[in-house]
Every structure is written in structure tokens, then in C-alpha cells.
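One structure is given below, encoded as C-alpha cells.
The values are calculated or read from the model by the stated rules, or taken from the named source; none is laboratory data. Keep in mind that this is a model prediction, so the values were computed, not measured. Positions of Cβ are generated from backbone atoms using ideal geometry, with glycine treated the same way; all protein chains shown enter the neighbour counts. We work out accessible area using only protein heavy atoms, side chains counted, and drop any ligands, DNA or RNA first. Shrake-Rupley method; radii C 1.70, N 1.55, O 1.52, S 1.80 Å.
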Amino acid sequence: MSEKDPYLLGYRHAEQQRLERQAIELAGESEWLFDQIGVSEGWRVVEVGCGPRGCLDLLSSRVGASGHVTGLELSKEQAETARRFAAGHHLSNVEVLAADARATGLATGAFDLATARLVLVNVPEPQRIVAEMVRFVRPGGFVALHEPDATFQRCEPPHPAQKRLLQLLDSYAQMNGIDRMIGLKVPGMLRDAGLVDLRVHPLVHVYPVGHGRRMLLLEFVENARSRLIECSLVGNDELDALTAALRRHLEDPATLVVSSLFIQAWGRVPELA
Ligand SMILES: C[S@@+](CC[C@H](N)C(=O)[O-])C[C@H]1O[C@@H](n2cnc3c(N)ncnc32)[C@H](O)[C@@H]1O
């Protein structure tokens with residue numbers, strides 16, 4: 001993985017650990033989504049951008065021994081961690097490919113479901129990933145996305161450091177063709193890709209003191225720190241001052257911390273006429 005890759009969150013060790021934690025934190029809402037779709041025994045499923053764990057275990061237990069789960073992950077290191085996770089949990093129906101979701105080489109129309117969680121919001125050319133997911137799903141099969149509008153997050157009382165840090169991430173994203181509001185757009189992207197029977201489900205959370213996601217914005221800023229500075233968006237000293245000020249504000253139990261707006265959207269590839 002190139003240091004110059006614009007992928008917003010980067011590949012620091014701390015980020016890999018955060019993703020492993022996130023897989024547990026978000027398991028309940030992904031299970032809900034897979035219930036709505038009816039993912040079951042025998043399905044052939046692809047998880048795009050699975051990171052070190054993603055939903056591989058949830059999907060594995062749903063599709064069972066007669067089904068198959070393919071994890072696709074751009075980072076060779078994350079793919080290797082995901083393989084170790086699958087082996088360590090005896091998920092014998094899971095394989096993980098180190099591959100670019102924009103050009104997977106997977107067979108056309110071969111899968112019952114393609115799903116991605118929190119991938120499109122961090123990458124340029126997200127529509128290429130959606131087009132590829134639609135291509136390798138069979139007629140009548142499903143494409144399911146779970147993406148945020150990451151500009152939505154708030155705290156109350158508001159704090160200028162939060163506003164400035166969000167602006168910095170947004171500026172970096174804009175410079176690199178990354179859309180941090182993509183959550184709101186994914187239903188339209190699925191419709192434009194030709195999917196039918198579209199469903200949309202919104203999620204917003206409040207993160208109390210001690211919650212693993214209360215400091216998420218600060219973790220994202222640390223992931224992007226060197227790139228924000230290299231792009232001359234901010235200096236090291238200003239960034240230190242901003243993060244210290246926001247940390248103090250978020251550590252105060254009186255501060256209400258509200259998440260991004262997450263959108264789960266899913267639909268079916270039309271049946272052949
Ligand atoms: C924020 S992480 C989310 C991981 C996992 N989906 C989850 O919800 O826990 C996004 C992942 O997408 C991967 N990714 C980014 N661009 C990709 C691409 N073009 N093809 C495959 N994976 C990609 C990143 O390497 C990263 O592991």
C-alpha cells in the first residue's frame with residue numbers, strides 16, 4: 001500500500017486495532033441489515049473492504065457450510081489479518097482476497113450478495129466500486145451498503161475545535177475526490193446502478209463517556225495527521241492545539257457527542273426479462 005494512497009484513514013497499527021473494535025461495535029446493526037435481506041444457508045456472499053474482520057464472521061455463520069464468503073481487501077496487510085481472523089475462528093467457508101474492489105476479476109453474476117460497510121466514504125471513485133458490486137451479483141441478488149454522512153457529527157455544546165477538525169478532513173477529502181457525505185447519496189447511487197426494490201434505513205448514535213466511538217474524530221485526525229500537514233492544510237502546532245482542546249471537551253461528561261448519520265441502503269439486481 002503506497003504512502004501516497006488517498007484512502008482517508010490510512011493503515012497505522014492503531015487504525016487496524018480500531019477496525020477490529022469497530023467490527024464488534026457495529027455487529028448488531030449489520031446483523032439487522034442481513035436479517036432484512038434474508039442472508040441464509042448456502043448463499044455466496046462478497047464483503048468489499050472487509051478490513052481485518054468486518055462482517056466476515058457474521059456472514060460465515062449465516063451462509064453455513066454450504067455457502068461461501070469472499071472478503072475483498074485492498075491492503076495486503078489487512079487481508080492477511082482477516083485471513084488469520086478467519087483461520088483462528090475456524091471460518092472454513094471464508095476466503096480473503098487482497099484485491100481492488102474497483103476491478104476484482106470475480107465472475108459476473110456469480111454471487112447472491114455484495115456488501116460494504118464504511119468503505120465508500122473513504123475512497124475516491126466510489127461509483128466504480130458500486131458498479132463492480134452490481135456486476136458480480138446475480139439477477140435477483142442483493143447489493144447492500146452502510147455508509148455515513150460524516151459531516152453530520154456534532155457535539156453539544158458545540159466546540160470550534162470540532163468544527164475546524166471536521167473542515168480539515170473535508171478539505172483533504174475534497175482535494176482527493178473523496179465524498180464524506182456519501183451516506184446520503186448511496187440510495188441514489190444504487191438506483192442509478194439499476195437496482196430495484198430499494199430500501200433505506202438511517203442510524204444516528206449518541207456516544208457516552210467511555211464509549212469506544214466517543215473519540216472517533218480524534219482517531220481519524222491522527223490517522224490523517226501526516227497527510228493533512230503534507231497538504232499544507234494545517235501546521236503541526238495548530239493541530240496539536242486543536243486536538244488537545246477537543247479532547248478536553250469530549251472528556252467532559254456534560255458534552256453530548258452525536259455520531260455521523262449512517263445510511264444502510266440495499267436493493268436487488270433486476271431479474272432477467
Ligand atoms: C474504514 S475500513 C472498514 C472496514 C470494515 N468494512 C468494517 O466496517 O469494519 C475501510 C476498508 O476498505 C478498504 N478499501 C479501501 N479501498 C478499497 C478498494 N478499492 N478495494 C478493496 N478494499 C478497499 C480499506 O483498506 C479498509 O480496510
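Mean-square fluctuation check for the chain, GNM, Cα pairs under 10 Å: which of Pro148, Pro202, Pro157 is largest? Comparing Pro148, Pro202, Pro157 in the GNM, the peak value goes to Pro157.
In terms of accessible area, using a 1.4 Å probe and ignoring ligands and nucleic acids, Lys163, Lys185 rank largest first as Lys163, Lys185.
Backbone geometry of region 220-229 corresponds, through the Karplus equation with coefficients 6.51, -1.76 and 1.60 at θ = phi - 60°, to 3J(HN,Hα) couplings of 5, 5, 5, 4, 9, 3, 5, 6, 4, 6 Hz, x marking Gly and Pro.
Size check on region 86-178: the Cα extents along the three principal axes, sorted descending, read 49, 31, 25 Å. Between Val209 and Ala193, the modelled label-to-label distance comes to 4.3 nm, taking each label 7 Å out from Cα in the direction of the beta carbon.
The figure for Arg138 is an accessible area of roughly 80 square angstrom, using a 1.4 Å probe on the protein chains alone. With a/c under 1.5 counting as rounded, go ahead and sort region 29-74 into rounded, prolate or oblate using the C-alpha gyration tensor (a ≥ b ≥ c being the square roots of the eigenvalues; past the cut-off, prolate if a/b is larger than b/c, else oblate). Oblate is the answer for region 29-74, as a/c is 1.5 or above yet b/c matches or exceeds a/b.
The share of alpha-carbon pairs in region 59-137 lying farther apart than 21 Å comes to 29%.
Extension gain for the segment Arg248 to Ile24, taken as residue separation times 0.36 nm less the Cα-Cα distance, is 78.0 nm to one decimal.
A convex hull fitted around the alpha carbon atoms of region 62-105 yields 67 Å³ per residue. Accessible surface comparison of Ser232, Ser260, probe 1.4 Å, protein chains only, largest first: the order is Ser232, Ser260.
Could you check how many percent of all C-alpha pairs in the chain are farther apart than 30 Å? Roughly 28 percent, rounded to a whole number.
For region 187-273, the calculated P(r), taken from all Cα-Cα distances in 5 Å bins from zero up to the bin holding the longest distance, is 3, 12, 15, 13, 11, 12, 11, 9, 7, 4, 2, 1, 0 percent. Computed over protein heavy atoms with a 1.4 angstrom probe, the accessible surface ordering of Tyr7, Tyr172, largest first, is Tyr7, Tyr172. Hull volume per residue, based on the alpha-carbon atoms of region 135-233 and their convex hull, is 141 Å³.
Multiplying the residue separation of His201 and Gln16 by 0.36 nm and removing their Cα-Cα distance gives an extension gain of 63.9 nm. For Trp32, the solvent-accessible surface with a 1.4 Å probe is about 80 Å², rounded to the nearest 10. For region 1-68, the direction-averaged projected area of the alpha-carbon convex hull comes to 5.3 nm².
Scalar couplings 3J(HN,Hα) for region 191-200, obtained by applying the Karplus form with A = 6.51, B = -1.76, C = 1.60 to θ = phi - 60°, are 4, 5, 7, x, 6, 10, 6, 6, 10, 9 Hz; x denotes Gly and Pro. Taken about its Cα centre, region 144-273 carries a charge dipole of about 200 debye when Lys and Arg each add +1 at the Cβ and Asp and Glu each add -1 at the Cβ. The figure for Cys231 is an accessible area of roughly 50 square angstrom, using a 1.4 Å probe on the protein chains alone. Please work out the C-alpha center-to-center distance from region 206-257 to region 150-204 and express it in whole Å. Region 206-257 and region 150-204 have Cα centres separated by 18 Å. Relative to the globular-protein estimate of 2.2 N^0.38 Å, the Cα radius of gyration of region 1-143 stands at 0.97. For region 56-66, putting each phi into the Karplus relation 6.51 cos²θ - 1.76 cosθ + 1.60 with θ = phi - 60° gives couplings of 4, 5, 5, 5, 4, 6, 6, 7, x, 5, 8 Hz, in residue order, rounded to whole numbers and with x for Gly and Pro. Evaluated with a Cβ-only charge set (Lys, Arg +1; Asp, Glu -1), region 96-176 carries a dipole of roughly 40 debye about its Cα centre, given to the nearest 20. Of the peptides 61-69, 22-30, 115-123, the order by per-residue mean of other Cβ atoms within 10 Å, starting with the highest, comes out as 115-123, 61-69, 22-30. Placing a pseudo-label 7 Å from each Cα along the Cα-to-Cβ vector at Cys231 and Gln36 gives an inter-label distance of 3.1 nm.
When +1 charges are put on Lys and Arg Cβ atoms and -1 charges on Asp and Glu Cβ atoms, the dipole computed for the chain relative to its Cα centre reaches about 140 debye.
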